[in-house]
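Worksheet: one structure, shown below.
The values are calculated or read from the model by the stated rules, or taken from the named source; none is laboratory data. Keep in mind the model is a prediction, meaning the values are calculated, not measured. Cβ coordinates were reconstructed from backbone atoms using ideal geometry, including for glycine residues, and neighbour counts include every protein chain displayed.
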Amino acid sequence: MPASSDRRAQRRLRLDLLWRLLVLAPLASCAAAPPEVVSATGDEVSFAYGKGAAEAAAHEAALYCANLGRAARLREESPASDARTLATFDCR
């Protein structure tokens, strides 16, 4: 294979990788951020989460409470100041 053909193939590969990064990077930012623990005690746990992450927060609360031998139950949801939702779960 001639050297010029190798250079063209390498250039095409770099352009293909660059194109993929330009297309896929913005899509990755659309994914919901994971819930963030705001506070946790033996009786409750609170999470702040963005749009589309309510199920993940409930799952994390269930895991937290299960480690205490209890079940998680949503007590309250309220809007947080940063366009996220604050959810508090009781461990019963």
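Structure data summary
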| item | result |
| --- | --- |
| When residues of segment 64-92 are limited to those that are of a type in the set (A, V, I, L, M, F, W, C) and part of a strand (DSSP E or B), the one surrounded by the fewest Cβ atoms within 10 Å (Cβ to Cβ) | Leu74 |
| Residues (modelled with pLDDT of 95 or more and hydrophobic (A, V, I, L, M, F, W, C)) located in segment 69-84 | Ala71, Ala72, Leu74 |
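Per-residue answers, yes or no, for (1) of a type in the set (Phe, Trp, Tyr); (2) within 20 Å of the chain's Cα centre (by Cα):
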| site | (1), (2) |
| --- | --- |
| Ala33 | no, yes |
| Val37 | no, yes |
| Tyr49 | yes, yes |
| Ala57 | no, yes |
| Ala72 | no, no |
| Pro79 | no, yes |
| Asp82 | no, yes |
